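All remarks here apply to the structure that follows.
The values are calculated or read from the model by the stated rules, or taken from the named source; none is laboratory data. Every value quoted in this text rests on a predicted model; they were computed, and no experiment measured them. With ideal geometry, Cβ positions are generated from the backbone for all residues, glycine too; neighbour counts draw on all protein chains shown.
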2 protein chains.
Amino acid sequence: MSESAVRGLNRTGKSSLLAAGILASSAASANDDLLITARQIFNPIPSMAPAVKDNPITEEKVILGKTLFFDPRLSASQVISCNTCHNLGTGGVDAGPTSVGHRWQLGSRRAPTVYNAVFNVAQFWDGRAADLKAQASGPVQASIEMNATPARVLDTLNSMTGYVVMFGKAFPKDARPITFDNFAKAIEAFEATLITPGAPFDRYLKGDAYALSDQQKSGLKLFIDKGCASCHSGMNVGGQDYFPFGVVERPAASLLPSDDKGRFAVTKAPGDEYVFRSAPLRNVALRPPYFHSGQVWDLKQAVGVMSEVQLGVKLDDREKDDIVAFLNSLTGQLPKIDYPILPTRTDKTPKPSVDK
Amino acid sequence: MSESAVRGLNRTGKSSLLAAGILASSAASANDDLLITARQIFNPIPSMAPAVKDNPITEEKVILGKTLFFDPRLSASQVISCNTCHNLGTGGVDAGPTSVGHRWQLGSRRAPTVYNAVFNVAQFWDGRAADLKAQASGPVQASIEMNATPARVLDTLNSMTGYVVMFGKAFPKDARPITFDNFAKAIEAFEATLITPGAPFDRYLKGDAYALSDQQKSGLKLFIDKGCASCHSGMNVGGQDYFPFGVVERPAASLLPSDDKGRFAVTKAPGDEYVFRSAPLRNVALRPPYFHSGQVWDLKQAVGVMSEVQLGVKLDDREKDDIVAFLNSLTGQLPKIDYPILPTRTDKTPKPSVDK
């Protein structure tokens, strides 16, 4: 039964038990329809870390990866760690708009979250890294981020007994466990555990009809009906494919700077100009500012921008509030992290280099 | 019985049970003497956080303090937290030599460790803060460190429901729990828990004669006999009083830059030129580089410098090795820290300011 049909029933003024029964059952049916549709589009976050290609996840590898993730001595300055820009205490991102790197240089794009990143089709806003292993090897070398080199990373790791032991345990079959590839694999293994199951939306998808409020259900329906779910679907409610930013209308230059053509830089295909991986919306409420440019701090405003430039739809205030309520239902349970005690540096550990 | 007398006995060639008995008992007696002397000079780290003046330590206050300690959004750039320079994963300090702060400005002195800092006579290398509460209010405001203001800190804290709730629980009797003073008190409460009991030296002081190796005991004896313990004593093996750096001989300008007159800046007393709080040596092996200038990376070299410029003593290689072995016995058990999930920012949270 359609919404207008339900309204029609209401307008007849019938308040008999029969009418109430029809209403209740039609609402239940609408709810069932919504859940059936939602299940065709989205998947719940699993409670266990997923398997990762060519990189069996072991406890030893995860512990090593966590230690590396928090170790600032892997950067040239020895001030910046993975966690500096992908802070696990603030939704897996920094405060933005873009990240501060080596010598206070500013990045050009908002740091993507590491939480649930394992479920994305590829990594970075332009998908230039096929997986987390490939991603992990990037920022550590980028001159405006951590500004190290693979050789320096290996010198650093080889200089500390703690790392020599941990790599040996994490890669027991390797004759030389400390390699740049294994460094990236250990970080990937840790990041694969950074998943956030148990969001209200996950409980809803698993059949708990009361996990979402009526407003959140209305927001979910709008999210589907208006077309948001065309680009934001799957387990991460986004992150599963690439789309142009500005399908209907070009966003303001502050949101879409003309010099960043997105995926075009990766594929060189003319059709990929200003194309980006759709933003994964899991835990989106935890991590303003929004978009790759990080210029919108308010989630409701971000919803308004997206509906206009991507869908050509002008949402009213109530609709935006409902969608924001739905987006809030995507906040899951962040894993508990023991802050790692890092291996102690030795005389052989490269010295910090803050100046160049 | 003196060491030379024991050697004399050896030279007689007597290998009877009687001689062996005298040797064993004299060694035992020397060991007892060493322990008795050590107990007069040093104290073990307690297993529980000590009480702090005017700031009762509660679980709620410690949890709040930990959250603040790890929150980079308290700095103007929202990149730098207390933990950036006092990294709990690397002995409570950064990689040095001095700290990188707002806009990549470099500090002039090595970051002191927060571990066991509660046992120091006062805070900072020049003791300008009477306690951890006073210390905590400094770097957050320093323009070359976190570059915030008390007003900005309060705006930030008031903007987030998570902090409003946590301050209410930590300061239940206060009509307005969120104040700059309470912010500092919460950090002090957390830092008072950052103690590292259970070092081999602590077990030794408590009566376990086997907690130190023979080399470590030799190092302890040298540390006392040569005069190191005159300045490095008490619970923190240092940090208990102020002394000139360069008692006998002026250290190299790289170690003692002439423009940093230490405690003189605090007291303006001519006798306080180049006077500093003696370095607390707990966990010293975890945290090179050494001295307030952070220019010596090797602990053995640091021991050599100190013996020459402070005591006028040239230690031989074996003596330095033994003292380093003793210093290694000062490494305690670092507390387990759950990395905090930080309160989520809101539209009212001040935006990051990286440029000014």
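Looking across the stretch B:182-205, the residues that are more than 25 Å from B:M306 (Cβ to Cβ) and either touching a Pro at 6+ places or on another chain (Cβ under 6 Å) or polar (S, T, N, Q) (or both) come down to B:N182, B:T193.
Determine which member of the set B:K314, B:K320, B:K261 is surrounded by fewer than 16 Cβ atoms within 10 Å (Cβ to Cβ) and basic (K, R). Residue meeting the stated conditions: B:K314. Does A:R109 meet the test of being outside the structural domain of A:G238 (by the TED database) and in a helix (DSSP H, G or I)? No; evaluated as a whole, the condition is false for this residue.
For the stretch B:230-247, taking the residues that are farther than 22 Å from B:D260 by Cβ and in contact with a strand residue (DSSP E or B) (Cβ under 8 Å, 6 or more places away or on another chain), the one that is surrounded by the fewest Cβ atoms within 10 Å (Cβ to Cβ) is identified as B:G234. Surrounded by fewer than 19 Cβ atoms within 10 Å (Cβ to Cβ) and closer than 16 Å to A:S75 by Cα: does that describe A:A134? So A:A134 fails the test.
Look through A:R263, A:R250 and report the one residue that is among the charged types (D, E, K, R) and touching a strand residue (DSSP E or B) at 6+ places or on another chain (Cβ under 7 Å).
Exactly one of A:R263, A:R250 is among the charged types (D, E, K, R) and touching a strand residue (DSSP E or B) at 6+ places or on another chain (Cβ under 7 Å), namely A:R263.
Residue by residue, here is whether (1) assigned to a loop (DSSP other than H, G, I, E, B); (2) modelled with pLDDT of 95 or more; (3) among the polar types (S, T, N, Q); (4) assigned by the TED database to the domain that holds B:P172 holds:
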| site | (1), (2), (3), (4) |
| --- | --- |
| B:D32 | no, no, no, no |
| B:I36 | no, yes, no, no |
| B:R39 | no, yes, no, no |
| B:S77 | yes, yes, yes, yes |
| B:L88 | yes, yes, no, yes |
| B:G91 | yes, yes, no, yes |
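Among the residues of the stretch B:139-164, those identified as farther than 8 Å from B:L74 by Cα and hydrophobic (A, V, I, L, M, F, W, C) are B:A142, B:I144, B:A151, B:L154, B:L157, B:M160, B:V164. For the stretch B:107-128, check the following and say yes or no: at least one residue is free of Cβ contacts under 8 Å to residues at least 40 places away in the same chain and closer than 28 Å to B:T344 by Cα. Among the residues of the stretch B:107-128, not one is free of Cβ contacts under 8 Å to residues at least 40 places away in the same chain and closer than 28 Å to B:T344 by Cα, which makes the answer no. Applying the set (1) of a type in the set (K, R); (2) in a loop (DSSP other than H, G, I, E, B); (3) within 14 Å of chain A (Cβ to nearest Cβ) to B:K173 leaves exactly one unmet item: (3). Within the set A:R263, A:R277, A:R318, the sole residue that is under 17 Å from the mean Cα position of the chain (by Cα), at pLDDT 95 or above and among the basic types (K, R) turns out to be A:R277. Looking at the stretch B:240-356, the helices (runs of 4 or more DSSP H) lying wholly inside it that each contain 1 or more residues that are among the hydrophobic types (A, V, I, L, M, F, W, C), within 14 Å of chain A (Cβ to nearest Cβ) and free of Cβ contacts under 8 Å to residues at least 40 places away in the same chain sit at B:299-311.
Within the stretch B:54-81, the set of residues being more than 14 Å from chain A (Cβ to nearest Cβ) and among the acidic types (D, E) comprises B:D54, B:E59, B:E60.
Filtering the stretch B:201-216 for residues that are surrounded by 19 or more Cβ atoms within 10 Å (Cβ to Cβ) and of a type in the set (A, V, I, L, M) leaves a non-empty set. Please state which of the following conditions B:P97 fails to meet, knowing it meets all the rest: (1) in contact with a helix residue (DSSP H, G or I) (Cβ under 7 Å, 6 or more places away or on another chain); (2) within 11 Å of another protein chain (Cβ to nearest Cβ). It fails just one condition, (1). Applying the criterion of being in a loop (DSSP other than H, G, I, E, B) and among the acidic types (D, E) to the residues of the stretch B:41-75, the residue that is surrounded by the most Cβ atoms within 10 Å (Cβ to Cβ) is B:D71.
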